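Below is one structure; the comments refer to it alone.
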Amino acid sequence: MIGDRRIRVSVNGTAYEVGVEPRTTLVDFLRADLGLTGTHVGCEHGVCGACTVLVDGLAVRSCLMLAVQADGSEITTVEGLEGPEGELHPIQEAFLEEHGLQCGFCTPGFLMATYEMLTDDPKPDEDEIMEVLGGQICRCTGYQGIRRAVDCAIDKLGGTRPADVFGAGGPEGPDAPDAPDADPVGADGAGEGSAR
Amino acid sequence: MTVEIPKRIDQLPNPEPRYIGKRVTRREDAALLTGRVEFIDDVALPRMLHAAILRSPFAHARIRSIDTSEAEAMPGVEAVVTGADALRWQRVSGSSPDGWGGRCPAVEKVTFVGEPVAAVAATSRYLAEDALERIEVDYEPLEPVVDPFAAMEEGSPLVMEANGTNVMMHRVFTWGEVDEAFDTAAHVFTERFRWNRVGANPMETFGTVCEWDPVTLEMTVRGAIQSASFMGLGRAATFGLPTNLVNVKANAHGGSFGGKGGGRGIDIAAMLSRKAGGRPVKWIEDRVEYLTSGGSQAWDRHYEAALAVDADGRMTGFRVTLVDDLGANGEGYGSISAAKPLTAFTGPYTIPAAGYDLALVATNKLPSGPYRGMGPPPHFMVLEQLVDIAARALGVDPAELRRRNFIPPEAFPYTIPSGNEYDSGSYEEVLDAALALAGYDDLLRWRDAARADGRLVGVGVATAVEPGVFDWNAYATVGLPQTGVPEGATVSFDIRGCATVRVGFAMEGQGQYTLVSQVVADYFALDIDSVRVIQLDTLAAPPSFGPGGSRLGVAITGAVLGACERLAEKMRTVVAGLMQTTPETIELRGGRFGIPGVPEAQMSLAQVAGTMLARSDLLPPGMDPLPEATYVWTAPDRTPADEMGRAKSYLTAAQAVHVVAVEIDPDTGQVEIVKYALADDCGTRLNPVVVEGQTDGGIAQGIGAALYEQYVYDDEGQPLTASFMDYLIPTIAEVPRSDKAAVVTPSPFTALGAKGCGEGAIHTTPAAVMCAINDALAPLGVRARETPATPERLWRLISGAGVGASGSTGEEREQS
Ligand code: FES
Ligand code: FES
């Protein structure tokens, strides 16, 4: 059951050209086909936000999108946040310092939603923050640590765009490739090792 | 050798502890924040299959036949299981009251919507789900029973016919002279309450990867498992296997709160694996499955309760009649939620006599299971509202009435009528701290002024005791074995003096790996980064239960300190041998062993460990050369239950006071929390950041239970809350910021004086919110006695549009 539609996507700056079954959701594609398991599934019906990733810079619920719909897109997942030497992104640092996570299952979604928000507006007001975080569910923290973490991330970034932290070429950075032209996993190889 | 575990931080062999009691950021977090931690759905094994489960669409039906032949013939399908396999391999579940419980998948009949009927393992989850559509099940629908009162009536449909009744258990407990207390009381306040089903809903549902080899019968279970060893024992019992054939490797998991469930998912995946020649089978529960048929639902309760109060406002008796709707067959330990209130029945008060009339009833709903707090949160909602009813009737300030009845600090350790012993407490101090933080007097003035303007505003003050350090003794009342609960740890040094601690539980969110590192680092004066914590499989790990019942922080601290003490003693013996003196003259201080006051007679940890590992020929004869030690901690001095269920069971008693102010919109019934302040006392705070995080999370869950969350069934037993659109988990918009104050009364019984604190807030928050709502409604003469207090319920009360099921189900009445 190797997929019957070929798609080209760039994920965290790496280009892929692979076949997927049309019914494969984007989150299943990222997790099972590409092995990027940092993105989590909490509800599979679009409410919890655990599966949030950036598609062309916009936060989307990858459980509600099909992989084929992402054809031609640039995708950023939580794996794309850290720096080239494994440095935590300031948003990640802020969550660490402010106890913004307990089990950590919802956390990638919160990080990506925060990342998008601070890309749009490095100094969001209270309403914006509540609006964005209000779309994500966390069952552990009661949100207090997360709220502090977002304030801390705003301070740490000090107006810098999240994408510019590790210099050009970082996630969503200006030098991210427009269209994938390489296939690091081989023609259909992305399906190998996955269940399909 | 007896091991003395330090009861205070200043008893550690280190004059300058750097971590314990400090706000230490968590060592777990970097891996979690970067997506590196392996959750169960991230596991991929060679030749792994994927399972999907076919579930009953009926609440009650006989299974006439199941035809799986078409599904089995589909390409990619490797195994199918049904009740026939369960009948062959499984015993009846041991997690139900005696004589109840069943097998899974269902045999002969289904007793709730969502009950597994068959399951498929295929080369992908997509294919497995396709195959479910090809399974034909012929059902004969039976009349369901959904209401527990109807279920108790003669002639009701029976969930399990063989038992001849739907009443799983009915017991009446009497502690002290409760009849006399009520007969002679100046005032008696009686009320009915309804707590609707709520549940844990961790953000990660349950999942497992099982291998059950048909040749060796060895079973390897990976999964999002809260208590790995307990799950392993359960599977061995279910399948009649020697316990050492089941090895559990728990993955880090996305929360649990008691409601992870999973036993049945493992059973299914294991049977599929066995039928597929032992290939690994992954089953990941989806959210709809979790909500309708997982470990999700708890506490479906109908209460009638009464409080006896004397002329000067002292509470003299407390009576509770509880009809607890456990759903079908009682699987999953729902029964212990009804028993746990015995460990804190009378809360923080000196009420001398109490009674508990407890009925556990079966209906055609999902069996109810554990959830954070395990039963007392509804119980305290009841007690605290009765206290408010009394305060209002007597014209006494509710905070004052509570103060008058508090157990005084000098009375600890204090044995409550239902038998448990509270270790320590400073209840008035906690009350004062909470009232001061809330600005209680100003709040009351604000309330009175707003009320004068016709607004519906209220202030609630509620208090509760959190029994900490779970122990099975309390559950003899519902038929469970009376035993303690062990937690073990092994601490070892390598040749460079780095420490490794081996434990038996997975990361779950409470920062326990950080706690373990804090303790070892401070004991041996190490940098926290030179301590590593690793988790072992159940067959390799020291005995462990893991998190649950607010126990792990206390238990693992005891285990780690016990191991440190043993290891230090061992190393002292080595050093004494090398220095040709006796072990008593060698002191461990600030991470060095030596003779006090003799600077040249000192050895570093690395030197001692290195000598033990590399020059065992230099050690005292017969000495074990390993620089490691294991200690298994259990709560000291616990007692089995007597005929009235009285046991010294939970080791610690934390306490809290929450103050909440609310405003209710009279047009919509919407509740807004305008102020939230609390003080709590959970003894020594080993990592205050983590303690506060536990409180914050518990408040959010408590607000959910009080205002939003409810599992709803229709009259046919169909669940109507199968998604997060229907079952409403609070978001950041619903959870207010809270101000917190800490009072510290160390436990005299535990390592470093810490108390269990993982469940505290959910004991108090629902009570506090309901007290505030009823304070707001008091001028209207109506009372909200049902949780969640949804806008619709409150609007009906306010508008007088109808009471009945959603309103005050019993008039508050006073007999004098
Ligand atoms: S998993 Fe996508 S929104 Fe919940
Ligand atoms: S940290 Fe566990 S769900 Fe958010």
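Over region B:405-538, all Cα pairs binned in 10 Å intervals from 0 give whole-percent P(r) values of 9, 21, 20, 25, 17, 7, 2, 0, listed from short to long.
Using just the helices of chain B, give the 222 nm mean residue ellipticity in deg cm²/dmol: DSSP H runs with n ≥ 4 each add -39,500 (n - 2.57), and the total is spread over all residues, rounded to 500.
-8000 deg cm²/dmol
Summed over the residues of region A:90-165 and divided among them, the accessible surface reaches 30 Å² per residue at a probe radius of 1.4 Å.
For chain B, with all protein chains in place and a probe radius of 1.4 Å, 50% of the accessible heavy-atom surface sits on carbon or sulfur. Farthest towards the positive end of the charge dipole of the protein assembly as shown, among the residues B:N196, B:G548, B:Q11, is the Cα of B:Q11, using unit charges on the Cβ of Lys, Arg, Asp and Glu. Of the three principal axes defined by the Cα atoms of region A:90-165, the extents in descending order read 30, 23, 16 Å. For region A:90-165, the share of accessible area belonging to carbon and sulfur comes to 44 percent (1.4 Å probe, ligands and nucleic acids excluded).
Here, region A:47-138 is characterised by an Rg to Rh ratio of 0.96, where Rg is the alpha-carbon radius of gyration and Rh the Kirkwood radius.
Lysine pairs in chain B with alpha-carbon atoms under 25 Å apart, 8 or more places apart or on different chains: how many are there? Taking the Cα cut-off of 25 Å, the pair count is 21.
For the peptides B:63-73, A:103-113, A:88-98, the ranking by packing is A:103-113, A:88-98, B:63-73, with the highest mean count of neighbouring Cβ atoms within 10 Å listed first. For region B:587-678, the mean projected area of the C-alpha convex hull, equal to one quarter of the hull surface, is 16.0 nm². Principal axis extents of the C-alpha atoms in region B:655-738 (largest first, rounded to whole Å): 50, 30, 21. Farthest towards the positive end of the charge dipole of region A:90-165, among the residues A:I154, A:T107, A:A94, is the Cα of A:T107, using unit charges on the Cβ of Lys, Arg, Asp and Glu. Think of each Lys and Arg Cβ as +1 and each Asp and Glu Cβ as -1; about the Cα centre, that makes the dipole of region B:162-276 roughly 640 debye.
All alpha carbon pair distances within chain B were sorted into 20 Å bins beginning at 0; the resulting P(r) in whole percents reads 16, 46, 31, 7, 0. Taking label positions 7 Å along the Cα-Cβ direction at both B:E38 and B:D138, the computed distance is 4.7 nm, reported to one decimal.
Contact order for chain B, expressed relative to its length and based on alpha carbon pairs under 8 Å spaced 6+ residues apart, stands at 17 percent. Backbone amide hydrogens, once placed in the peptide plane, bring A:G42 within less than 5 Å of A:A50, A:C51, excluding anything fewer than 5 places away on its chain. For B:I495, the shell of other residues with beta-carbons less than 14 Å away shows a net charge of 0, using +1 for Lys and Arg and -1 for Asp and Glu. For region B:70-78, the Karplus equation 6.51 cos²θ - 1.76 cosθ + 1.60, evaluated at θ = phi - 60°, returns couplings of 5, 4, 5, 7, 6, x, x, 8, 10 Hz by residue, with Gly and Pro reported as x. For region B:531-536, putting each phi into the Karplus relation 6.51 cos²θ - 1.76 cosθ + 1.60 with θ = phi - 60° gives couplings of 10, 10, 10, 10, 9, 10 Hz, in residue order, rounded to whole numbers and with x for Gly and Pro. Here the protein assembly as shown is assigned +1 on the Cβ of each Lys and Arg and -1 on the Cβ of each Asp and Glu. Its dipole about the Cα centre then comes out at about 2200 debye. Only Cα pairs under 8 Å and 6+ residues apart enter the sum, and on that basis the relative contact order of region B:700-744 stands at 37 percent.
List the residue ranges in chain B for DSSP H helices whose C-alpha atoms run 20 angstrom or more along the long axis and whose Kyte-Doolittle average is 0.0 or above.
B:376-394, B:552-578, B:688-703, B:760-777
Taking the square roots of 5 times each eigenvalue of the Cα gyration tensor of region B:699-810, largest first, gives ellipsoid semi-axes of 32, 20, 13 Å. The smallest convex shape that holds all Cα atoms of the protein assembly as shown, its convex hull, gives 178 Å³ per residue. Put simply, chains B and A cover up around 4300 Å² of each other's accessible surface, both sides summed, when a 1.4 Å probe is used.
The values are calculated or read from the model by the stated rules, or taken from the named source; none is laboratory data. The structure presented is a predicted model; accordingly, all values stated were derived computationally and were not measured. Neighbour counts are summed over all protein chains in view; Cβ atoms, including those assigned to glycine, are modelled from backbone coordinates with ideal geometry. Heavy atoms of the whole protein, side chains included, go into the accessibility calculation; ligands, DNA and RNA do not. Shrake-Rupley method; radii C 1.70, N 1.55, O 1.52, S 1.80 Å.
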